[in-house]
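Remarks on the structure that follows.
The values are calculated or read from the model by the stated rules, or taken from the named source; none is laboratory data. Keep in mind that this is a model prediction, so the values were computed, not measured. Note: ideal-geometry Cβ built from the backbone for every residue, glycine included; neighbour counts use all protein chains shown. In case anyone asks, the SASA skips ligands and DNA or RNA and just uses the protein heavy atoms, side chains included. Shrake-Rupley method; radii C 1.70, N 1.55, O 1.52, S 1.80 Å.
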Amino acid sequence: MISEQKSEHTTNTAPGRFPSWLKRPIAHCGKQKDVLEKIHNSGLHTVCVEARCPNRSECYNLGTATFLILGTTCTRFCTFCSVNHGIPGPPDPDEPGKLVSAVSSLKLRHVVITSVTRDDLPDGGASVYADIITRLKKEIPGITVEVLIPDFKGDKDALLTVFEAKPDIFNHNVETVPRLYNQIRPQAIYQRSLDVLKYASEYGLVVKSGIMAGLGEQDEEVFGVMQNLLDHGCSIMTIGQYLRPSRSQTPVVAHVSPDKFSEYEKKGIDLGFRTVFAGPYVRSSYMAEQILNRTKSGCS
Ligand code: SF4
């Protein structure tokens, strides 16, 4: 019987009891209440709140948040995701304006814009992304904008609409290894997601992607994804622990140890990423501004 203590941080643990490294008190900062109030009063949605992200108070304190645009109903059914699935309503025409004023009143320096997938819209919502980026940059000097986009079904015109608005970071998550796509992202296509990243890289944008760990992937598969992302122009990668939002979502296969995340971070840098951010609590836009600055400064 391996002693609990010795193996605690070196070995992935099976689901069930939360390992020590996932037990951390949710810090509550004074700023959190103010941020939450302003977001609530703005009528906008954030991934921070919708996904009950464990990092939100830290991010709010750092002056960043991730806004969820184009509604809270997704046209796809990823089995790890707890958003509503179904037929979305029409986009809110006032959303870009509301978002710019919320970002301004929150005095955010770096803002991440993401959305559900809107396969029901002709351009997937690309024009709304472009409008928001353009208005943020016009009305809030010095703001940096990161977009975490769906794949717009690989539609090059829709993607170009977003590119031309010049986001500071272009992010699209491949989420997991190709072998698990049918189980985890049944409406997505791994190669299509890679092509979206390549197209953005060829346009000259800073490209970022990420996966969740703990869904049954093997190390060699993770390293394979790393090489695929690099070959498609990606320079920043995030890897975080998948946590099951509710019993309706796919179960966790393993709690990946901090040592394993460090191993992934080192391997990614050795393979050629400018920045790899891996850890149990890492999320796509966690420490997004710090990652942007780290990447800009060339420090890995
Ligand atoms: S496409 Fe995105 S928002 Fe929609 S179900 Fe999948 S992960 Fe969730």
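Springs join every pair of Cα atoms under 10 Å in this Gaussian network model of the chain, and among Gly86, Gly214, Gly268 the largest mean-square fluctuation is at Gly86. Model label points for Leu160 and Glu263, set 7 angstrom from Cα along the Cα-to-Cβ axis, are 4.5 nm apart.
Could I get the Rg over Rh figure for the chain? Both from C-alpha atoms, Rh via Kirkwood, rounded to two places. Don't skip to the end; give the middle numbers.
Details: Rg = 18.5 Å, Rh = 19.6 Å.
Expressed as Rg/Rh, it is 0.94.
Its alpha carbons considered, region 192-300 gives a radius of gyration followed by a Dmax of 13.9, 42 Å.
Once R0 is set to 41 Å, what does the formula 1/(1 + (r/R0)^6) return for the Cβ-Cβ distance between Lys153 and Arg109, expressed as a FRET efficiency to the nearest 0.05?
Working: r = 33 Å, r/R0 = 0.80.
According to the calculation, E is roughly 0.80.
Whole-Hz Karplus values for region 217-231 come out as 6, 9, 3, 4, 5, 5, 5, x, 5, 4, 5, 4, 5, 4, 5 Hz, taken residue by residue from phi with 6.51 cos²θ - 1.76 cosθ + 1.60 and θ = phi - 60°; glycine and proline positions read x. Placing pseudo-labels 7 Å out from each Cα toward the beta carbon at Asn41 and Arg294 gives an inter-label distance of 3.5 nm. Rounded to the nearest 500, the helix-only mean residue ellipticity at 222 nm of the chain stands at -11000 deg cm²/dmol, with each DSSP H run of n ≥ 4 adding -39,500 (n - 2.57). When the P(r) of region 131-195 is calculated, the portion above 17 Å amounts to 48% of the C-alpha pairs. Please build a GNM for the chain, connecting alpha carbons under 10 Å apart, and tell me which residue among Arg56, Arg118, Arg179 fluctuates the most. In this elastic network of the chain, the residue with the biggest mean-square fluctuation among Arg56, Arg118, Arg179 is Arg179.
Under a point-charge model restricted to the Cβ atoms of Lys and Arg (+1) and Asp and Glu (-1), what is the dipole moment magnitude of region 199-257 relative to its Cα centre, in debye to the nearest 20? Intermediate results must be reported in sequence, preceding the final value.
Values: 3 positive and 6 negative charges, 83 e Å.
Charge dipole, region 199-257, about its Cα centre: 400 debye, nearest 20.
Sequence-distant contacts, meaning Cα pairs under 8 Å at least 6 residues apart, place the relative contact order of the chain at 18 percent. Separation of region 34-97 and region 242-270, taken as the distance between their Cα centroids, equals 23 angstrom.
Pull up the DSSP beta bridges for the chain and report the antiparallel fraction as a percent, rounded to 5.
10
Label point 7 Å out from Leu271 along Cα-to-Cβ: which residues of region 170-184 have amide N under 17 Å? Within reach of a label on Leu271, which here means backbone N under 17 Å from a point 7 Å along Cα→Cβ, region 170-184 contributes 172-181.
Give the accessible surface of region 36-133 per residue, rounded to a whole number of Å², with probe radius 1.4 Å and ligands, DNA and RNA excluded. The partial results should precede the final answer.
Values: 3990 Å² over 98 residues.
Result: 41 Å² of accessible area for each residue.
Dipole orientation for the chain: of the candidates His232, Ala288, Leu197, Ala288 has the Cα lying most toward the positive pole (charges on Cβ; Lys, Arg +1; Asp, Glu -1).
Provide the net charge surrounding Arg109, with neighbours chosen by a C-beta distance below 12 Å and charges set as Lys +1, Arg +1, Asp -1, Glu -1. All intermediate terms of the calculation are to be shown ahead of the outcome.
Numbers: positive: Lys107; negative: Glu146, Asp168, Glu289.
Local net charge: -2.
Projecting each Cα onto the charge dipole of the chain (Lys/Arg +1, Asp/Glu -1 at the beta carbon, about the Cα centre), which of Leu159, Thr46, Val147 comes out farthest on the positive side? The Cα lying farthest towards the positive end belongs to Thr46. If the elastic network links every pair of Cα atoms under 10 Å, which of Val207, Val111, Val253 fluctuates the most in the Gaussian network model of the chain? Checking each option, the largest mean-square fluctuation is seen for Val253.
Would you be so kind as to identify which of Thr64, Leu243, Gln32 lies farthest towards the positive end of the dipole of the chain, taking Lys and Arg as +1 and Asp and Glu as -1 on Cβ and the Cα centre as origin? Towards the positive end, the residue furthest out is Gln32.
Using the Cβ of Thr79 as centre and a radius below 15 Å, the other residues enclosed give a net charge of +3, where K and R count +1 and D and E count -1.
To the nearest 20 debye, what charge dipole does the chain have about its Cα centre, counting +1 at the Cβ of each Lys and Arg and -1 at the Cβ of each Asp and Glu? Write out the running numbers ahead of the final one.
Details: 34 positive and 33 negative charges, 155 e Å.
Dipole about the Cα centre, nearest 20: 740 debye.
Helix 258-271 and the long axis of the chain differ in direction by around 70°, with both axes built from C-alpha atoms.
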